[in-house]
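Read through the structure below, which is laid out as structure tokens, and then see the notes.
Every number in this text was worked out from the coordinates using simple rules, so none of it is lab data. What you are looking at is a predicted structure, and each value in this text was computed from that prediction instead of being measured. Cβ sites come from the backbone with ideal geometry, for glycine too, and all protein chains shown count toward neighbours.
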Amino acid sequence: MHQPIEMAQRKAIAKPRSKKGFDPKRFLAKVGGGPSAANFPKTSRIFTQGDPANAVFYIQEGQVKLTVVSRQGKEAVIAILGPGDFFGEGCLAGQVVRMASASAMSECSIVRLEKEAVSRVLREQPSFSEMFLMHVLSRNIRFEADLVDHLFNSSEKRLARILLLLANFGKTGEPQTVIPRISQEMLAEIIGTTRSRVSFFMNRFRKLGFIDYNGRLEIHSSLLNVVLVE
């Protein structure tokens, strides 16, 4: 089914004559301009928990959320990802089925990288391996920080932290102060509290001048005060 995509990705990998001349970002842009790229409307599902795990995905534009559903039917948001992030990489470590669902939080442009193609480029191109390793390490650090946040910080601090992360504060490049609309229900799911508590803190942040929202949500750097205060 995905044979044309696999062939296109093999050609993109094989084209450089030397490992030194391989550019990971150019490779991703090249395959992103071919049949492996797809646009996903807001709220559309990219894959579902339990689906076969046979590809890695790379976000060119937009934001994606990863969610898990328990046997009792309770859903939890485990990650929100943006441009430059990979997801679905569990298939490279022997994951047979998806352990989470992925859906678009905004209009997204996403590149599907077949498992075989990714495995090959990781073996043959050190620059891509280094880029991918940095992604995996960064994600691991982020998950550890999320765990510490849930264990030791108040729900107010957890909310402030996730808003700052959504606005890219602390990442390379300029922060994106205006972030895509996100419901208070989703924020409550992410930080592990109730919608009413989120509403209370959001109103407090707005009164203190840390955020503005009137049809769109704007995050100010002063919100860092909530996270930094002991």
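Key figures for this structure:
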{"item": "Projected label distance in nm at Lys42 and Ala29, using a 7 Å step from Cα toward the beta-carbon", "result": "2.9"}
{"item": "Phi-based couplings in Hz for the stretch 114-127 (Karplus 6.51, -1.76, 1.60; Gly and Pro marked x)", "result": "4, 3, 4, 5, 5, 4, 5, 5, 5, 6, 9, 10, x, 5"}
{"item": "Cross-link pairs beyond the 28 Å C-alpha cut-off, checked among Lys157/Lys207; Lys74/Lys157; Lys74/Lys115", "result": "Lys74/Lys115"}
{"item": "Efficiency of FRET from Cβ geometry, Arg123 and Tyr213, R₀ 41 Å, rounded to 0.05", "result": "0.30"}
{"item": "Unit charges on C-beta of K, R, D, E only; dipole of the stretch 121-230, Debye", "result": "360"}
{"item": "Met99 long-range amide H proximity, modeled H, under 5 Å", "result": "Gly50"}
{"item": "³J(HN,Hα) computed for each position of the stretch 187-202 - Karplus, 6.51 cos²θ - 1.76 cosθ + 1.60, integer Hz, glycine/proline x", "result": "4, 5, 5, 5, 8, x, 9, 9, 4, 5, 5, 4, 4, 4, 5, 4"}
{"item": "Charge dipole of the chain about the Cα centre (unit charges at C-beta), most positive-ward option of Asn140, Gly84, Ser222", "result": "Gly84"}
{"item": "Ranked list, fewest to most other Cβ atoms within 10 Å of each Cβ, for Val178, Val148", "result": "Val148, Val178"}
{"item": "Extension gain, Val178 back to Val136 (0.36 nm per residue minus Cα-Cα distance, nm)", "result": "12.4 nm"}
{"item": "Protection proxy ranking, peptides 91-103, 205-217, average beta carbon neighbours within 10 Å, highest first", "result": "91-103, 205-217"}
{"item": "Three-way shape label, the stretch 153-228, alpha-carbon gyration tensor, a/c 1.5", "result": "rounded"}
{"item": "Structure-based [θ]222 nm, the chain - -39500 (n - 2.57) summed over DSSP H runs of at least 4, per residue, nearest 500", "result": "-13000 deg cm²/dmol"}
